[in-house]
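Just below is one structure, and these are the notes that go with it.
The values are calculated or read from the model by the stated rules, or taken from the named source; none is laboratory data. These numbers come from a predicted model, not from an experiment. Positions of Cβ are backbone-derived with ideal geometry, glycine not excepted, and every protein chain shown enters the neighbour counts.
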């Protein structure tokens, strides 16, 4: 029998306003492709395209990849880009491997979700903030579905437990003129800021907010912490030394994890990409997506979508973050939720983590904030 040979699409905006994270995602995917070439009996060749952060280009490039015979594409960072391409994948019965944390409330038979679901990030973050007595939030985000939905989930979670959102403000992706919202936040004096800005908008906001707090004698990390569900190591480097420390990020992966798998992963990543960007949760999810895809192709013996979907639910991955597998009911990943606090060296100190992978709950059926996030996870608090 001849060896399997598959062309796999890889689609990330490595230029544009959120290119720093997207480049780390591309690096993570390519690292996994390189390992597959050395370790697998099948041949997988990545076909890399760059939508340049332009929303309309995602659908165009998806159509081109699928028309060329490609059945599987690893890609997209933003939820708006994912929403843009799903109709194309459903129409042509191809499979998108989506490796980013996202807001949930979606189901597609043509998407494998290897990033965090809302119960993996928002739920744990709300528990942590309320546990510190922080009940008054000010939400600031980029004007698209990621921010809208996460702010809705946060608002329901807080109001269900006698907290409240003081205000929500949204800005175009890439907008960096944010001083007016910084002033508004300091006038409102919330217990914390919930940040759903992405890319250059987020980096500008962190710098402006810290500078304004310093000017007013406010210990920003202690008095008005900024909490995010997307902040990652390469973005800390973009924020800069004057404002990098003391921020909370709820995620399933941080590069500071000391698991043997992560120590090996980060060493390989740094050797392959010494000029960065630093590894991120989304880079790890991209790496996991390619590894799961390659294992599933080998298991199925074909790239036919139905066979690969059946095969992926049989895979178990010893990933850098811990054990990862795909839930057969939702096609989302079981992942281990964590909270990190950023440090001056542009890394995260893990302060809370769940003891085992958590079932994905993209519609918050089991962990709905409408019912006060009635969760009883087994947690480890890291001092």
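Checking each residue in the stretch 124-149 for being surrounded by fewer than 24 Cβ atoms within 10 Å (Cβ to Cβ) and in a helix (DSSP H, G or I) picks out 127, 128, 130, 131, 145, 148, 149.
Each row is one residue, and each column tells you yes or no for (1) modelled with pLDDT of 95 or more; (2) in the same structural domain as residue 236 (by TED's automatic domain parsing); (3) closer than 24 Å to residue 18 by Cα; (4) part of a helix (DSSP H, G or I).
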position: 287; (1), (2), (3), (4): yes, no, yes, yes
position: 294; (1), (2), (3), (4): yes, no, no, yes
position: 302; (1), (2), (3), (4): yes, no, no, no
position: 308; (1), (2), (3), (4): yes, no, no, yes
position: 323; (1), (2), (3), (4): yes, no, no, no
position: 329; (1), (2), (3), (4): yes, no, no, no
position: 360; (1), (2), (3), (4): yes, yes, no, no
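Do we find a residue being part of a strand (DSSP E or B) and either surrounded by 14 or more Cβ atoms within 10 Å (Cβ to Cβ) or touching a residue at least 12 places away in the same chain (Cβ under 8 Å) (or both) anywhere in the stretch 23-34? Spell out how you get there, then give the answer.
Taking the stretch 23-34 and keeping what is part of a strand (DSSP E or B), we get none.
No: the stretch 23-34 contains no residue that is part of a strand (DSSP E or B) and either surrounded by 14 or more Cβ atoms within 10 Å (Cβ to Cβ) or touching a residue at least 12 places away in the same chain (Cβ under 8 Å) (or both).
Take the stretch 299-350 and flag every residue that is more than 30 Å from residue 94 (Cα to Cα) and in contact (Cβ under 8 Å) with a residue 40 or more places away in the chain.
Step one: of the stretch 299-350, the residues more than 30 Å from residue 94 (Cα to Cα) are 338-350.
Within the stretch 299-350, 338, 339, 340, 341, 342, 343, 344, 346, 347, 348, 349, 350 meet the criteria.
Filter the stretch 270-298 down to the residues that are closer than 19 Å to residue 7 by Cβ, without any contact (Cβ under 8 Å) to a residue 40 or more places away in the chain and surrounded by fewer than 21 Cβ atoms within 10 Å (Cβ to Cβ) and list them by number. 295 - this is the single residue of the stretch 270-298 that is closer than 19 Å to residue 7 by Cβ, without any contact (Cβ under 8 Å) to a residue 40 or more places away in the chain and surrounded by fewer than 21 Cβ atoms within 10 Å (Cβ to Cβ). Restricting the first residue to the stretch 235-256 and requiring it to be over 24 Å from residue 127 (Cβ atoms) and not assigned by TED's automatic domain parsing to the domain that holds residue 24, which pairs with a second residue that is assigned to a loop (DSSP other than H, G, I, E, B) and modelled with pLDDT under 95 meet a Cβ separation below 7 Å and a spacing of at least six or different chains? Here the result reads none, with nothing in the stretch 235-256 linked to a residue that is assigned to a loop (DSSP other than H, G, I, E, B) and modelled with pLDDT under 95.
The residue that is farthest from residue 29 (Cα to Cα), counting only those in the stretch 111-123 that are part of a strand (DSSP E or B) and in contact with a helix residue (DSSP H, G or I) (Cβ under 8 Å, 6 or more places away or on another chain), is 111. Scanning the stretch 95-105 for residues that are assigned to a loop (DSSP other than H, G, I, E, B) and either crowded, with 20+ Cβ neighbours inside 10 Å or not assigned by TED's automatic domain parsing to the domain that holds residue 15 (or both) returns 99, 100, 101, 102, 103, 104. Considering 268, 314, the condition of being in contact with a helix residue (DSSP H, G or I) (Cβ under 8 Å, 6 or more places away or on another chain), modelled with pLDDT of 95 or more and not in a helix (DSSP H, G or I) is satisfied by 314 alone. Within this structure, residue 139 passes the test of being farther than 21 Å from residue 25 by Cα, touching a helix residue (DSSP H, G or I) at 6+ places or on another chain (Cβ under 7 Å) and not assigned by TED's automatic domain parsing to the domain that holds residue 19. Inclusion of residue 117 among residues that are within 30 Å of residue 92 (Cβ to Cβ), at pLDDT 95 or above and surrounded by fewer than 19 Cβ atoms within 10 Å (Cβ to Cβ) is not warranted. For the stretch 80-94, check the following and say yes or no: at least one residue is closer than 23 Å to residue 357 by Cα and not assigned by TED's automatic domain parsing to the domain that holds residue 251. Looking through the stretch 80-94, none of the residues is closer than 23 Å to residue 357 by Cα and not assigned by TED's automatic domain parsing to the domain that holds residue 251. When the stretch 55-85 is filtered for residues that are within 20 Å of the chain's Cα centre (by Cα), without any contact (Cβ under 8 Å) to a residue 40 or more places away in the chain and surrounded by fewer than 19 Cβ atoms within 10 Å (Cβ to Cβ), only 55 remains. For residue 166, the conditions (1) touching a strand residue (DSSP E or B) at 6+ places or on another chain (Cβ under 8 Å); (2) surrounded by fewer than 17 Cβ atoms within 10 Å (Cβ to Cβ); (3) outside the structural domain of residue 321 (by TED's automatic domain parsing); (4) touching a residue at least 60 places away in the same chain (Cβ under 8 Å) all hold with the exception of (4).
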